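Remarks on the structure that follows.
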Amino acid sequence: MEDMKEFLATFILALFVYLFLTLASGGSIIEGSILWSLEEIVFGISIALIVAAVTSHILCRSKNFRMLSPLRWLIMLVYAIPLFIEMVKANFDMAYRVITGRIEPAIVKITPDLKTDLGITILANSITLTPGTLTVEVDDEKSELYIHWIKMRDDPDEIISGRFVRWIRRFAE
Amino acid sequence: MNWKMSRVVRTIADIMVVPIIIFGIYLIIHGHLSPGGGFQGGAVIASSTALLIIAYGSFGKHKDSLSSLESTGLTLFILIAFLGLGYTVFYNFLASGGAVFGGTVPYGINPGRLDSGGTVPLMNIMVGLEVTAALSLILWMMAKGSDSMDVEEASV
Amino acid sequence: MISWFLHLPFLVVGILVAIGLYTVLFKNNLIKIIMGIAIIQNGVNLFLISLAYRKDGVAPIWTSAPDEFMVMPTPHALTLTSIVIGLATTALLLSFVMMIKRHYGTIDADKVRRCRE
Amino acid sequence: MNYADPLYIAVAVFIVYIIISTFRIFLGPTAADRTVAFDTINTLVVASMIGLGAAMWEVLFIDIAIVYAILSFVTTLFIAKYLEEGDRG
Amino acid sequence: MNFVEHAPTLILGLPLLFAFLIPLLGRISKDMRDILFLMGLLLTGLFVGIMAYEVLTVGGWTYVFGASTSEPTNPITSYFRITFVADGFSVLATLTIALVALGAGLFSFDYMAGHAALDKFYSLFLLTLAGVNGMVLTGDLFNLFVWFEVTSIASCGLIAFTNYRGKSVEAALKYMILSVLGGLFLLISIGLLYGQYGVVNYKLLSDGIAGSPGLFVNKLALGILLLVFGMKASTVPMHMWAPDAYSESPGPATPLIAITSLGSLFVLFRLTFGVYGVNMGPGVIGTILIILGVLSMFIGVSMALVQSDLKRLIAYLSVSQVGYMTMAVGVALTTWTAEGINGYGIMAMEGGLFHMINDGVYKALLFLAAIAVIHATGKRDLNELGGLAHKMPYTTVFFLLGALSIAGIPPLSGFSSKLLIYQSVYLYHPILAIIALVVSIVTLAVICKAFFNAFLGPDQGQTKGEVPKGMLIAMGLLTVVLIIFTLFPHYVVAEIVVPAIRALGVIP
Amino acid sequence: MFILVVLIITGITYLIYKMGNPAYKRTRFKGQPFISGNAPFKDPGRMHVGGDNLFWGFTNALKRYFDPLVKGHTGIVNDYVYWFIVTMAVILMYIYVTL
Amino acid sequence: MIVITMVSVFLAISLVFNGLGVIGLHRFPDVYTRLHAATKCTTFGSIFMTFAVMTYSGGMYYWSNDAKYLNMALHTFAAMIALLITNPTGAHAIARAAHKMGVIPRYAVKDELKEAK
Amino acid sequence: MPIYEIIIVLTLVGLVMTALAVVWFKDLISAAIALGASSLLLSLQFYLLRAPDVAIAEAAVGAALTTAIFIFAIRATDRQEGFS
Amino acid sequence: MRKSVAALAFLIVFAFLLLGMSQLRPFGEPENTEMDDYFLYDQEEGSQAHNQVNNIVTAILFDYRGLDTLGEATVLFSAVSGVVTVLRKVKKSGKEVQG
């Protein structure tokens, strides 16, 4: 059963990527033709089958099939909005630091209480993209992140990762 | 190379492998329609191997199968070339024949017309197989070779 | 436009080849020598592609109208071949260097000289 | 004023940025600094490739930018892994 | 399907096909691997024979790849594709290559037994063979570059096959660096010619050069081409890779690597005669070739005199033999006018080309005999060898035949070609003939040194007996060819060498 | 012409003879054969002339020719490339001047 | 016209932030702070570049009704996703490598990672 | 305004600078990084000269695989140029 | 001495390269384009590039110059064979002198 799930997940990902890349190959949509030409669909399905057969054990190495449900993907898309807002803030902050040169860096530890690999990864990357913080080290077993902070303040857990953790817990845990 | 990288990198590598392979295959089979082709796609797929090597430090025991894949790709390539021997070597005998890859293509952009080109897409696929296997093998051998420098004593 | 600009990519090719040759001639480290060879390869590839360029030409793919003015496609094919060959030679040379390090304990060209006379 | 001119100008400025970043490759005291500069150049090259592809009206050229965005990551990881291991002597 | 028409492609394609098949099917069993290797060699030889027969009886032809018919139908556009040239010169070259490769391949079964990863060895062997064949057969400058690189890479893999010896890897590295540099300069000259004329085929290029001979680009490309192929053919002063590569390569690969340098000499002649031709001042090219040849002869043989390593000694001798051919063809080039080569030039040309096929065969025989000695005794230093004639009579005879032939002792075939060279060169300039004679005498001295030290004298008890039969058969094959050349030199010159000269277009 | 050749060869022979050791006297090594100046042979019972000894006289007489030659073959990669480039420069200059 | 205005605005934002990143690359004192500047600013600027191109090609699609511009927009989106995934990971890898190399964060008031080891 | 030519010239300047950096560095890993940057700019140059196939190949080979195997080789030998 | 000669030869080669490059046709304006125009625009014979394959570079790689691609793949194959051969395990062998 797990093999089947692995295979299915890889297959869906591969097919999705392929069809995304070859979208609009069927000609103009407004003129009424379908989005993909027939050859693309046939090739896409066969290639996705082959790739899924070869690399099925790589994608789901942690045997964690939560991400198969479409609802979680939807939440993930919505997550892009707060991330983007944070990025805008980050960049204005960065502009301020670049122009004035006022820095007070430190490396601090936070413990964000996330369990899965995916959650930790998304959190780490989000932190890297947001105000004045940069993930330096991730502990392999425990969920501890060491973060380079360009302007140190108190209570790092809440300031750095508070909002993200709440969002990420909704789709990755 | 038996040292894994951090958890973040490993997870991202796992996620990226399948899209990279699919992208490589996309380059290979659209080689006769858009920029790309057997070699470029093969190199991209081989870089997914590089990603696995770098993230996990090892690559399993695929040396023999990769070597076989390489030989198979090249043998089929040269056989396709020699199948045109009724006319000449490398003659594109499938073109416009209506059979596999025998469709004719009008002028202009036609991204979806995979069914054209005669022997060219077949050769692209064969070269893609060969290049994938060859570059993966090179990377793997060099990673292993750079690892075991002081294991065995060399005879001078 | 000034006339020297018309040859500028070719002159850059000459400079790149010269930089690579300098590295091969005067550097003693084997890996540095191979880097020099890689620079020469880059220069030669740039040379071939510069030969192919036609002013206001587009890429040699039938993307839009049937009648377009395209750059010349033959050097592209030649350069593609030469890039692959460059990768193959670089890999082989580097594996030789690794083996020499294993046998000799050094990669200094002045000390790798057991074949002499 | 052509439609594509803003894109061309932006790309030209990007390439000036790239040249400025190469100074960091020259100056950087440690290899890590050079890697940072390399990463910056990667991103800038990807951005200028996307811009150029649009400016030249070459639809299929965007593929190259995707290849670059993926592969530069692999290169950065290679360098980072070597630096992590430290000098093996 | 008319196989005769496709013979040039099959000469190239069959070794490639078997080289790709050996790692795939050779995993089944060892016998399968050996059979595939032997089949590749024999089929290549067969098609070389077929092509030679067809060319020598009917006439040469040009093969166009990928067109609907293999004959060039349009005088311009057919040559935009890759072409192969099957003429007398190709026959001469491919015959030499096939003979030597057959000998070395038969030799390798017994010699290489016991090594690991033999399928790679056989594969690389066939790849080198295919590369040299492609180099001499092709009619396209860029295709020449591709096969040049195939040859370099495959032969470097062969040299480094004995990777447990540091010296082998070192020799391979040096050869590889020089080859890659040469290949890059070759690519630069291809780019120069392409930028000027827009084509890469020999025929169209020679038409273009005939149209505008005085351009600087032509001269630059000519210099680079001369240099690169001179380097690959191991002429002094770019010869230094050759002794390393010859002496450190594993046994059966040595004649093959020697044949790659002969093959590049063939290519050099094809380029200077076919592409540049009479328009670009053959006298200047001839002078350069003469100078390179004299230097090669003299320095090669002097260095051979002071060697004590058996294989290295023969390697320097082969460098000096390359000088003979270069000098002879250079002399022929200086007499080339618009009417063709006349006077003693024809004789020089005959001597040079006949010496090439001769040299390929007896050099391979000499190398194989030396390798047999090394295989039997495990020693390669002449100070330690001695008295082998008691235990290894056959090898002694083979070595003696090859040695006397390389020194140009009268009844043997080396003498007949050298005699042609002496006569014609004497007419050009007597000093050159004297140098050639002196070099020949010193060669005899070197050969005496090697032979006395290794085979004569009291038995040192280094070996138990003769080498295995497979090696003897291989050496015997080459000896038979050598004896044929010895007995019928006139026939060989008339039937093989003269069509080759005619194919170069220098005599009507 | 032939006489000229003979004269030249005689001259070369005389030169070689002249460059030999003039201090050599016949009586110095009385009683044993002189093999070479390189190394004394170890086992007189199984006397065999080794590789370095055979043309020792010749090479030693022409020491001034052979020494730079042997020393020139250094075995360093840079030197191999050096000779390549030098020959390239010479040939290109020659072609540029004459053609 | 509105498309061109939007494209210009996006391009201006992209230029400003990339410039900030490059300036920061030279202005900051050590690896980590340089990484802050380089990663965040260039990623953000490049994303705005992709926005500009997507707007441009979307406008072209709207005007010309040709599917190839839709294709272009989608591929640009794919490039953006690739940038978004890979850039922070690369920055993390570099930072980790620098810390393992022993590069000390300059002017740092606290280093808990070093204390933890 | 010949903006296209200006872009080409700027890229060539960057190319030469990174190539000089390769020769200048004593630290081989830095030289490998500079070589990667050089090949990056070369690929951009190919892109500008309308050679998309070659640009993809150079991107895949020059930027990723060549740097990777150089780093493997440096890892197996010495990092500094003058060392041993 | 040796270094200065090397530098001189290097400079000569560099000068010749620059001279040759500057004697070439100007950048962007080729002189003879028959072959490429045949690949690009010819409609009469051998026009498979137009009818079959959109990407003309691919058409040249696999059809007009297919043998080059075969050679290129062969180069890669032999390089892989070489790398696998060279980097295989070093065994302590008794047959050390052989080779």
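A short reminder: the numbers here are calculations on the coordinates, not readings from a lab. On a predicted model such as this, the values are computed, not experimentally measured, just so you know. Every residue, glycine among them, receives a Cβ derived from its backbone with ideal geometry; neighbour counts consider all protein chains shown.
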Can you give the mean number of other chain Cβ atoms that lie within 10 Å of the Cβ atoms in peptide A:108-119?
2
Ranked by Cβ crowding within 10 angstrom, fewest neighbours first, how are I:Phe62, D:Phe26, A:Phe164, B:Phe77 ordered?
D:Phe26, A:Phe164, B:Phe77, I:Phe62
What FRET efficiency do you get for E:Arg27 and F:Ile3 if R0 is 56 Å and r is their Cβ-Cβ distance, rounded to the nearest 0.05?
0.20
Could you give the dipole magnitude of the protein assembly as shown about its Cα centre, charging the beta-carbon of Lys and Arg +1 and that of Asp and Glu -1, in debye to the nearest 20?
4820 debye
Most exposed first, judged by fewest Cβ atoms within 10 angstrom, E:Cys448, G:Cys41 run E:Cys448, G:Cys41
Report the Cα-based extents of the stretch B:5-83 along its three principal axes, largest first, to the nearest Å.
50, 32, 12
Which log10 I(q)/I(0) values does the stretch D:5-88 give at q = 0.17 Å⁻¹ under the Debye formula, counting every alpha carbon as one identical point scatterer?
-0.74
Using alpha carbons only, how many angstrom separate the centre of the stretch G:1-58 from the centre of the stretch E:27-43?
61 Å
Which three semi-axes in whole Å describe the equivalent ellipsoid of the stretch E:131-241, each the square root of 5 times a Cα gyration tensor eigenvalue, listed largest first?
31, 14, 10
If you wrap a convex hull around the Cα atoms of chain G, how much volume per residue is inside, in Å³?
101 Å³
Value of D in µm² per second that Stokes-Einstein yields for the protein assembly as shown, Kirkwood Rh from Cα pairs, at 10 °C (1.306 mPa s):
48 µm²/s
Cleavage-rule hits (chymotrypsin sites (Phe, Trp or Tyr not before Pro)) in the stretch G:10-116: DSSP loop, at most 15 neighbouring Cβ within 10 angstrom
G:Tyr107
Rounded to whole Å and sorted largest first, what semi-axes of the equivalent ellipsoid does the C-alpha gyration tensor of the stretch C:2-104 yield via the square root of 5 times each eigenvalue?
35, 19, 6
Lys/Arg Cβ at +1, Asp/Glu Cβ at -1, dipole of the protein assembly as shown taken about the Cα centre: which of A:Phe84, H:Ser39, E:Met356 is farthest positive-ward?
E:Met356
Log10 I(q)/I(0) at q = 0.14, 0.18, 0.21 Å⁻¹ for the stretch H:3-76, from Debye over equal alpha-carbon scatterers, is -0.46, -0.70, -0.88
Just how far, in whole angstrom, is the stretch E:407-467 from the stretch H:1-75 if you go by their alpha carbon centroids?
54 Å
Rg/Rh over Cα atoms for chain E, Kirkwood Rh, comes to 0.95
Exposed loop sites here are trypsin sites (Lys or Arg not before Pro) in DSSP loop states with at most 13 other C-beta atoms within 10 Å. What is the longest stretch of chain A lacking them?
A:1-62
For the stretch E:1-55, which trypsin sites (Lys or Arg not before Pro) are both in a DSSP coil and crowded by at most 16 other Cβ atoms within 10 Å?
E:Arg27
List the GluC sites (Glu not before Pro) within the stretch A:70-170 that DSSP assigns to loop and that have no more than 14 neighbouring Cβ atoms inside 10 Å.
A:Glu141
Paramagnetic reach from G:Lys114 in the stretch A:150-173 [backbone N under 19 Å; point 7 Å along Cα→Cβ]
A:150-153
Could you work out the mean count of beta carbons from other protein chains within 10 Å of each residue's beta carbon in E:483-489?
0
Enter the mean number of other protein chain beta carbons within 10 Å of the beta carbon of each residue in E:114-127, as an integer.
3
If the elastic network links every pair of Cα atoms under 10 Å, which of G:Ala95, G:Ala67, G:Ala38 fluctuates the most in the Gaussian network model of chain G?
G:Ala67
Which listed residue (E:Gly45, E:Ala104, E:Ala338) has the Cα farthest towards the positive end of the charge dipole for chain E, taking +1 on Lys and Arg C-beta and -1 on Asp and Glu C-beta about the Cα centre?
E:Ala104
